[in-house]
1. How large is the dipole of region 117-413 about the Cα centre if only Lys and Arg carry +1 and Asp and Glu carry -1, each at its Cβ, rounded to the nearest 20 debye?
2. Most mobile of Ile230, Ile75, Ile319 per a Gaussian network model of the chain (Cα springs, under 10 Å)?
3. Note the direction-averaged projected area, equal to a quarter of the hull surface, for the Cα convex hull of region 352-414, in nm².
4. Assuming a ≥ b ≥ c are the square roots of the Cα gyration tensor eigenvalues, decide whether region 4-98 counts as rounded (a/c under 1.5), prolate (otherwise, with a/b larger than b/c) or oblate.
5. How big is the antiparallel share of DSSP beta bridges in the chain, given as a percent to the nearest 5?
6. Exceeding 30 Å between C-alpha atoms, which entries from my cross-link table qualify? They are Lys210/Lys326; Lys275/Lys366; Lys5/Lys326; Lys19/Lys210; Lys52/Lys366; Lys19/Lys326.
7. For the chain, set up a GNM with springs between Cα atoms under 10 Å and report which of Glu90, Glu43, Glu256 has the largest fluctuation.
8. Just to check I understand the Karplus step: with θ = phi - 60° and J = 6.51 cos²θ - 1.76 cosθ + 1.60, what whole-Hz values come out for region 135-144, glycine and proline as x?
Amino acid sequence: MLDIKFIVNNADDVARNAKARGYDVDVDAIIALDQDRRTLIVEIEERRKESKALAAKSGAGAVDPDSIRARARAIKEAISQGEARLREIEDDLNDRLARVPNMLDPRVPMGSEDDFTLFREWGTPRRFDFTPRSHEDVAEGLDMLDIARGVSVAGSRFYVLKNDAVRLRYAMIGLWQAMVADAPWQLVSPPLLARPETLFTAGYTPFASKENYKIEDSNLSLIGTSEQAILGFHIDEILESLPLLYMGDSMCFRTEAGAAGRDTRGIIRVHQFFKLEQVVFCRPEESEHWHLQCLANEERFLQLLDIPYRVIVCSSGDIAAPGHFKYDIEAWMPGQDRYREVTSNTNLTDFQTRRGNIRWRDEDGKRVYPHTISATGFCDRHLLALLETHQNEDGSLTIPPALVPYMGGVERIG
């Protein structure tokens, strides 16, 4: 959420930013409501002062007590009406403020999802002596994947990981954890369900409310990422120290609203998947550092898996409303002959902490809204990239050397 003072002082920039991001925001109406709110607060306070003054005059020996009582009743009614009107204004103002997207970093390229800029590349896509297969063909050939039974259980975009695919998932989790072990990450496995206040803090509501599965006859929803739950840890808290580094372990659930017809083969776009998420609360002046540190972790992991990739700076059309600046890493998927996103890393500035009233008291005693970073660590898409990158002509899979110790010494599957 943006600070109302920032909106008032930067009205044109806020309006342009919202329009460029595709959000219908009436900045003039927000400023008018804020002015009405301020005016009404002053009026109510003046009436309260008058009420106190009348009370002091209404004692024994008061001149014209009937007139004083009548005036006191009128003031009391005016205060009541003013407070009711103030609640209406504040509800309208807060609803409008909740729908204003974060300001984009000036480095963000404007345009649709395809208008990204290339940040850097690593590795050379492997040249095959045979036609590389897709991840689902490799996995099904090794009895690692059963899409049909997943669909039988829960419908389209569900699947069953089996045998060595599950072992590979655990192995990559182990490799990731060993890789970041020197930093003070807290490994947490949060609830998979969240209240509306938690989703609001994370910025998923009202912007992306259709993306979360809601539980019938409940105010709970399945989380789309552990970031959502972790933000809920600290709602209305004053943090004692920064940075706070969380490594969120969770299944993630997404409706994939609007994805009909996209990525219907394989398990690139699904309703349920596993992810380790890097979530950072930090001083505002350190958010760029932690943004790049999370990115370095993501890159190091892909390098250990020997999977070629590229880092892109996402365009305005590919950054969710809470985001300020986002890097995506796309792994080369030889079975698809293209790069595909495997991680996403967003600097959200103080957008989320303002929504959740999460503060930190600095060395001078001032209460400050920390910045947050949300970045993929490991997710199931890494497994898909590994399957396509390290497949062999005979249908087997070579395990990258860094992963072998976490696979019990197994160097080849199949």
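1. It works out to roughly 460 debye.
2. Ile75
3. Numbers: hull surface 30.1 nm².
Averaging across all directions leaves 7.5 nm² for the Cα convex hull.
4. On the way: a/c = 6.06, a/b = 3.81, b/c = 1.59.
Verdict is prolate for region 4-98.
5. Rounded to the nearest five, the antiparallel share is 90 percent.
6. Flagged as over cut-off: Lys275/Lys366; Lys52/Lys366.
7. Highest fluctuation among the options: Glu43.
8. After applying 6.51 cos²θ - 1.76 cosθ + 1.60, I find 4, 5, 5, 4, 5, 5, x, 9, 6, 9 Hz.
None of the figures in this text is laboratory data; all of them are computed from the coordinates on show. Note that the structure is a prediction, hence the values are computed from the model and not measured. Ideal geometry is used to build each Cβ from the backbone, glycine not excepted, and the neighbour counts take in all protein chains shown.
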